[in-house]
Amino acid sequence: MAFLKHNGRTICYRLLGDNNKPLLILAHPLGMTQGVWDDMIPALLESFRIMTWDLPGHGASAAWPEESDRITPEDLAGEALALAALAGAETFHFVGTSIGGAIGQQLISQHADKLLSATLTNTGAVIGTPEAWNTRSANVVELGLSAMSVDIVPRWFGPAACEQQSALVEGWRVIMGRGDDRSYALLCELLGRADFREQLSGHPVPLRLIAGADDVATPPEALQALAQFSGAPKPLILEQVGHVPSVECPDRFSQILIDHLA
């Protein structure tokens, strides 16, 4: 791991691989960490230089500053751009899951010239409702992430992954519970406001969408709607996969990326 000071806040990141290969930046889901990509990195390093990072208040990245009460998609896209600049890359491939997909949509809408391609998984032009996200934000502030993780984490994974990895849910409950409550709450409010339905048409970025057939948070219909708004091909739907394909089927997901981006 390494650390970058960006807008007065410390970001934890990893930069791995050959400087001569194209840069691939990976953005993790809400409540998780850059560790979601660990099982994919060895295969991806054969073709790419890899950059991952922890979102605000997640993993080893610092919490969102107390003096600011709002996080925007542009703030998070700015982190990705700062990391690309740190790597010395003028352009890069981008992969984002869940809120990582919202970061990707912000990059497509405002910084398309930086993207060689974008692959967005388990996300949507709109995710859920403002009411639901604002309720979750308030509950996290009141109860804390450790308590909230009991109900949230089981929704991330499909039955197949849970059956194959008995400790999967408990492990990620521990990780989520260690996050910063306020940063998570502000990111919930960001998702309640985010709406990319009118921002994605006419972009030049090669775009691939991927859904999990067992995803209850962002079901395949959300990716199908995103395809219509963005002009992307129909999403690839992964059977027996929930919300986090990088954890549930890392080998399959890695091969999809390598085949598509090559």
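The values are calculated or read from the model by the stated rules, or taken from the named source; none is laboratory data. Bear in mind the structure is a predicted one, so any value in this text is a computation, not a measurement. Counting neighbours? That spans all protein chains shown, and the Cβs are built from the backbone with ideal geometry, glycine included.
Can you pull out the residues in segment 117-138 that are closer than 18 Å to M40 by Cβ and either of a type outside the set (S, T, N, Q) or out of contact with any Ser or Thr (no Cβ under 8 Å at 6 or more places or on another chain) (or both)? Please lay out each step first, then the result.
Start the filter on segment 117-138 by keeping residues that are closer than 18 Å to M40 by Cβ, which leaves 117-123.
If the condition is that a residue be closer than 18 Å to M40 by Cβ and either of a type outside the set (S, T, N, Q) or out of contact with any Ser or Thr (no Cβ under 8 Å at 6 or more places or on another chain) (or both), then S117, A118, T119, L120 are the ones that fit.
If you go through segment 168-186 one residue at a time, do you hit one that is in contact (Cβ under 8 Å) with a residue 60 or more places away in the chain and assigned to a loop (DSSP other than H, G, I, E, B)?
Yes; the residues of segment 168-186 include at least one that is in contact (Cβ under 8 Å) with a residue 60 or more places away in the chain and assigned to a loop (DSSP other than H, G, I, E, B).
This table checks each residue for (1) of a type outside the set (A, V, I, L, M, F, W, C); (2) touching a His at 6+ places or on another chain (Cβ under 7 Å); (3) over 22 Å from E221 (Cα atoms); (4) surrounded by 18 or more Cβ atoms within 10 Å (Cβ to Cβ).
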residue: L86; (1), (2), (3), (4): no, no, yes, no
residue: H93; (1), (2), (3), (4): yes, no, yes, yes
residue: I103; (1), (2), (3), (4): no, no, no, yes
residue: W133; (1), (2), (3), (4): no, no, no, yes
residue: E142; (1), (2), (3), (4): yes, no, yes, no
residue: A147; (1), (2), (3), (4): no, no, yes, no
residue: W156; (1), (2), (3), (4): no, yes, no, yes
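Out of everything in segment 217-233 that is in a loop (DSSP other than H, G, I, E, B) and touching a residue at least 12 places away in the same chain (Cβ under 8 Å), what residue ends up being surrounded by the most Cβ atoms within 10 Å (Cβ to Cβ)?
T218
I'd like the full set of residues that are closer than 27 Å to P250 by Cβ and either touching a Ser or Thr at 6+ places or on another chain (Cβ under 6 Å) or touching a residue at least 40 places away in the same chain (Cβ under 8 Å) (or both), limited to segment 139-167. Spell out the reasoning first.
Step one: of segment 139-167, the residues closer than 27 Å to P250 by Cβ are 145-146, 148-167.
Within segment 139-167, L145, S149, I152, V153, R155, W156, F157, G158, P159, A160, A161 qualify.
List the strands (runs of 3 or more DSSP E) that sit entirely inside segment 1-67 and contain at least 2 residues that are of a type in the set (V, I, T), surrounded by 20 or more Cβ atoms within 10 Å (Cβ to Cβ) and in contact with a strand residue (DSSP E or B) (Cβ under 6 Å, 6 or more places away or on another chain).
Details: elements: 2-6, 9-16, 23-27, 49-53.
Filter on segment 1-67 gives 49-53.
Quick check: anything in segment 34-51 of a type in the set (S, T, Y) and under 19 Å from the mean Cα position of the chain (by Cα)? Outline the logic, then answer.
Quick first cut of segment 34-51, residues of a type in the set (S, T, Y) only: 47.
When the remaining residues are screened for being under 19 Å from the mean Cα position of the chain (by Cα), the result is none.
No, because not a single residue in segment 34-51 is of a type in the set (S, T, Y) and under 19 Å from the mean Cα position of the chain (by Cα).
Output yes when any residue across segment 196-210 is at pLDDT 95 or above, of a type in the set (K, R) and touching a Ser or Thr at 6+ places or on another chain (Cβ under 7 Å), and no when none is.
yes
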